[in-house]
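Colleague: Pasting in a structure now, in structure tokens, and then I'll have a few things to ask.
The values are calculated or read from the model by the stated rules, or taken from the named source; none is laboratory data. From a predicted model like this one, the values you see are computed outputs, not experimental measurements. When we count neighbours, we look across all protein chains shown, and the Cβ atoms used for this are built from the backbone with ideal geometry, even at glycine. Side chains are part of the model used for accessible areas, which takes the heavy atoms of the whole protein and leaves out ligands, DNA and RNA. Shrake-Rupley method; radii C 1.70, N 1.55, O 1.52, S 1.80 Å.
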Protein chains: 2
Amino acid sequence: METVKLVTISQQAGLVADDQSIYSQILNDIAQGQLVSGDRLVTTQLAKKYGSSINPVREALKQLEGEGFVAFQKNSGARVARFAFSTMRDVFEMLQLLEPYLLKEFTQNHTPEDIAELENIIQKMTATQAQDFTRFRELDTAFHWQLYRGHYNQEAVKLWRRKRLILQAMHANLPISHKRYSDAVAEHQTLLSFISKGAVEEANEALLAHIKSGGDYWIAQVTETASSSGYRPLQGLTG
Amino acid sequence: METVKLVTISQQAGLVADDQSIYSQILNDIAQGQLVSGDRLVTTQLAKKYGSSINPVREALKQLEGEGFVAFQKNSGARVARFAFSTMRDVFEMLQLLEPYLLKEFTQNHTPEDIAELENIIQKMTATQAQDFTRFRELDTAFHWQLYRGHYNQEAVKLWRRKRLILQAMHANLPISHKRYSDAVAEHQTLLSFISKGAVEEANEALLAHIKSGGDYWIAQVTETASSSGYRPLQGLTG
DNA sequence: TAATCATTAATTGTTAACAATAATTAAATA
DNA sequence: TATTTAATTATTGTTAACAATTAATGATTA
């Protein structure tokens with residue numbers, strides 16, 4: 001029984017390897033919200049699902065533990081890591097550190113083809129309905145991925161990818177407001193204009209503003225649903 | 001046969017858990033330079049060494065892979081991750097991003113006991129011979145650990161710890177010059193003076209300068225021994 | 001002698017069985 | 001009936017055996 005494999009944009013973008021390893025499949029399920037924060041990861045079930053024995057599953061889970069996506073508890077097995085809603089603040093603050101660092105290189109060294117590709121992504125964004133928030137998110141990710149993927153500090157790139165995946169996991173099942181949609185498109189456009197000029201400072205400022213506005217929006221979204229525990233506002237890293 | 005367990009300062013400081021799990025023991029061996037970059041990690045040997053079978057070893061190695069300390073190659077097993085000397089540049093640039101972020105919180109919210117502890121560490125540093133570079137490095141680590149350990153963004157703290165361990169692994173077997181030793185002590189002192197005043201900006205500037213001077217020193221050290229491949233100078237993140 | 005090939009040994013990655021622990025269900029008691 | 005207690009089931013974490021792959025050794029040929 002031959003099946004046609006569906007490849008999502010986020011996979012094309014390279015955020016998760018598109019091999020069929022147990023590791024990648026579990027990570028994909030987490031990133032796409034099939035497995036949500038706190039879900040038990042029962043080795044026997046996963047082994048059956050992926051047609052293997054429990055040890056390769058355990059190894060994949062251990063690797064994911066090392067990457068922060070899974071948490072083990074002694075004699076109680078593995079769960080998808082608890083993403084408290086303070087986690088979202090922490091992730092956005094991390095992105096505020098990482099992304100300007102990664103962008104600087106791109107702003108200084110990019111080809112016309114890079115810019116064309118980015119314009120192409122923005123074009124697709126504008127052609128996308130706000131309701132189709134899965135596709136919009138994928139394009140958003142693809143835009144940033146295009147900016148950072150070529151950086152010399154590949155460990156930093158890997159880190160960005162992980163944080164981005166956690167973010168994706170946290171709002172995989174939430175819709176995007178029409179305002180946020182149009183704001184995001186506009187922010188990408190201004191960002192791109194600074195990048196194509198090679199204006200490092202301005203581009204980084206625009207990027208920080210973009211991350212912050214996205215962060216404020218999503219934290220508010222999550223706060224609405226989640227119970228209010230010790231909330232701290234997102235820290236603006238410049239002015 | 002009862003044995004007295006030696007606990008190093010870096011363990012006390014909490015950089016590596018002091019449990020006797022296979023994971024922690026391997027990580028300690030990497031951090032202390034017993035296992036060096038590129039070394040093969042033969043499961044059967046490690047299993048014998050730690051008195052277990054190969055599967056728990058494999059799981060520990062997979063977790064360490066997730067954390068970036070170990071690299072697997074298909075059907076060729078695991079090795080300690082290749083720390084190229086560009087890795088050191090990447091690590092220092094990452095630390096330049098992370099540490100000011102982590103420090104800000106501490107500068108704003110610290111107790112007199114915190115300051116006393118930091119002064120205590122500096123005291124011990126000045127009382128240490130430059131030749132005893134292992135102890136000096138442990139005190140250096142303990143100083144920074146004291147600054148960051150309490151931060152609300154524990155994922156960022158965990159990340160700092162990993163980067164610091166990689167650094168430790170890379171110069172575990174290298175001596176420290178007398179100049180670097182005295183410079184480092186002085187830098188810690190000026191940093192502490194700004195922190196105790198609650199001067200966020202000045203403290204962060206002093207910290208950045210401290211990281212950069214350390215980075216430049218160690219990159220030069222490693223460059224001397226290593227063959228010169230595509231080297232890039234350490235990027236100063238402010239001015 | 002040098003180079004190629006086949007054989008052997010070592011190591012990896014996986015499977016399946018097993019003890020230890022935790023969770024669940026059923027039985028017994030107040 | 002409610003609540004504890006015992007028995008059962010499920011799951012975890014580990015061990016030991018096994019096929020697949022790679023590395024090492026020795027024999028064969030030019």
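Colleague: I want to confirm something. Restricting to region A:98-120 and keeping residues that are surrounded by 20 or more Cβ atoms within 10 Å (Cβ to Cβ) and not hydroxyl-bearing (Ser, Thr, Tyr), which single residue is nearest to the other protein chains (Cβ to nearest Cβ)?
Modeller: Among those residues, the one meeting the criterion is A:98.
Colleague: If you take the residues of region A:1-33 that are in a loop (DSSP other than H, G, I, E, B) and buried (at least 16 other Cβ atoms within 10 Å of the Cβ), which of them is modelled with the lowest pLDDT?
Modeller: Among those that are in a loop (DSSP other than H, G, I, E, B) and buried (at least 16 other Cβ atoms within 10 Å of the Cβ), it is A:8.
Colleague: Does residue B:70 satisfy the criteria of being within 15 Å of residue B:166 (Cα to Cα), open to solvent by less than 40 Å² (accessible area, probe 1.4 Å), away from chain A (no Cβ under 14 Å) and in contact (Cβ under 8 Å) with a residue 24 or more places away in the chain?
Modeller: Criteria not met by residue B:70.
Colleague: Check residue B:180 against each of (1) at pLDDT 95 or above; (2) assigned to a helix (DSSP H, G or I); (3) not β-branched (Val, Ile, Thr) and name the one condition it does not meet.
Modeller: It is condition (1) that residue B:180 fails.
Colleague: Starting from region B:152-164, take each residue that is within 7 Å of chain A (Cβ to nearest Cβ) and list its partners that are of a type in the set (Phe, Trp, Tyr), counting only C-beta distances under 7 angstrom and pairs at least six apart or across chains.
Modeller: Pairs found: B:156/B:101.
Residue-by-condition table, conditions (1) of a type outside the set (Ser, Thr, Tyr); (2) away from chain A (no Cβ under 14 Å); (3) within 19 Å of residue B:206 (Cα to Cα):
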{"position": "B:93", "(1), (2), (3)": "yes, no, yes"}
{"position": "B:126", "(1), (2), (3)": "no, yes, no"}
{"position": "B:134", "(1), (2), (3)": "no, yes, no"}
{"position": "B:138", "(1), (2), (3)": "yes, yes, no"}
{"position": "B:167", "(1), (2), (3)": "yes, no, no"}
{"position": "B:174", "(1), (2), (3)": "yes, yes, no"}
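Colleague: If you don't mind, there's one more thing I want to ask. Here are some conditions: (1) assigned to a helix (DSSP H, G or I); (2) at pLDDT 90 or above. Residue A:83 meets all but one. Which one does it not meet?
Modeller: Going through (1) assigned to a helix (DSSP H, G or I); (2) at pLDDT 90 or above one by one, residue A:83 breaks only (1).
Colleague: Going by the conditions given, is residue A:83 more than 24 Å from residue A:154 (Cβ to Cβ) and in contact with a helix residue (DSSP H, G or I) (Cβ under 9 Å, 6 or more places away or on another chain)?
Modeller: Values: more than 24 Å from residue A:154 (Cβ to Cβ): yes; in contact with a helix residue (DSSP H, G or I) (Cβ under 9 Å, 6 or more places away or on another chain): yes.
When the stated conditions are applied, residue A:83 passes them.
Colleague: Among the residues of region B:28-39, count how many are within 14 Å of chain A (Cβ to nearest Cβ) and within 13 Å of DNA strand C (Cβ to nearest atom).
Modeller: 0
Colleague: Does residue A:58 satisfy the condition of being within 14 Å of DNA strand D (Cβ to nearest atom), touching a residue at least 24 places away in the same chain (Cβ under 8 Å) and either basic (Lys, Arg) or in the same structural domain as residue A:219 (by TED's automatic domain parsing) (or both)?
Modeller: Working: within 14 Å of DNA strand D (Cβ to nearest atom): yes; touching a residue at least 24 places away in the same chain (Cβ under 8 Å): no; either basic (Lys, Arg) or in the same structural domain as residue A:219 (by TED's automatic domain parsing) (or both): yes.
Spelling it out, it is not the case that residue A:58 is within 14 Å of DNA strand D (Cβ to nearest atom), touching a residue at least 24 places away in the same chain (Cβ under 8 Å) and either basic (Lys, Arg) or in the same structural domain as residue A:219 (by TED's automatic domain parsing) (or both).
Every residue, every condition in (1) under 15 Å from the mean Cα position of the chain (by Cα); (2) assigned to a helix (DSSP H, G or I); (3) under 25 Å from residue B:86 (Cβ atoms), yes or no:
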{"residue": "A:107", "(1), (2), (3)": "no, yes, yes"}
{"residue": "A:119", "(1), (2), (3)": "no, yes, no"}
{"residue": "A:134", "(1), (2), (3)": "yes, yes, no"}
{"residue": "A:147", "(1), (2), (3)": "yes, yes, yes"}
{"residue": "A:151", "(1), (2), (3)": "no, no, yes"}
{"residue": "A:165", "(1), (2), (3)": "yes, yes, no"}
{"residue": "A:185", "(1), (2), (3)": "no, yes, no"}
{"residue": "A:202", "(1), (2), (3)": "no, yes, no"}
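Colleague: Right, something else. Give me the pairs, please: first residue somewhere in region B:100-116 and at positive phi, second residue anywhere and among the polar types (S, T, N, Q), beta-carbon distance under 6 Å, and either six or more positions apart or on two chains.
Modeller: Taking only residues 6 or more apart or on different chains, not a single pair turns up.
Colleague: Looking at region B:40-63, is at least one residue assigned to a helix (DSSP H, G or I), within 16 Å of DNA strand C (Cβ to nearest atom), closer than 30 Å to residue A:99 by Cβ and open to solvent by 30 Å² or more (accessible area, probe 1.4 Å)?
Modeller: Yes: one or more hits.
Colleague: Could you check how many residues of region A:34-55 are more than 12 Å from DNA strand D (Cβ to nearest atom) and out of contact with any helix residue (DSSP H, G or I) (no Cβ under 6 Å at 6 or more places or on another chain)?
Modeller: Final tally of qualifying residues: 7.
Colleague: If you don't mind, there's one more thing I want to ask. Any residue in region B:14-34 that's closer than 16 Å to residue B:63 by Cα and acidic (Asp, Glu): show its pairings with residues that are in a loop (DSSP other than H, G, I, E, B) and at pLDDT 90 or above at Cβ separation under 6 Å, as long as the two are six or more apart or on different chains.
Modeller: The qualifying pairs are B:29/B:35.
Colleague: From the list A:71, A:116, which residue is of a type in the set (A, V, I, L, M) and within 16 Å of DNA strand D (Cβ to nearest atom)?
Modeller: The conditions single out A:71.
Colleague: For residue A:82, all conditions in the list (1) open to solvent by less than 40 Å² (accessible area, probe 1.4 Å); (2) within 14 Å of chain B (Cβ to nearest Cβ); (3) within 19 Å of residue A:163 (Cα to Cα) hold save one; what is the number of the exception?
Modeller: Condition not satisfied by residue A:82: (1).
Colleague: Okay, moving on. Could you check how many residues of region A:64-92 are away from DNA strand C (no atom under 14 Å from the Cβ) and out of contact with any His (no Cβ under 9 Å at 6 or more places or on another chain)? Full working, then the answer.
Modeller: The initial filter retains those residues of region A:64-92 that are away from DNA strand C (no atom under 14 Å from the Cβ), namely A:64-71, A:80-92.
Retained after the next criterion (residues that are out of contact with any His (no Cβ under 9 Å at 6 or more places or on another chain)): A:64-71, A:80-87, A:89-92.
Going through region A:64-92 one residue at a time, the tally reaches 20.
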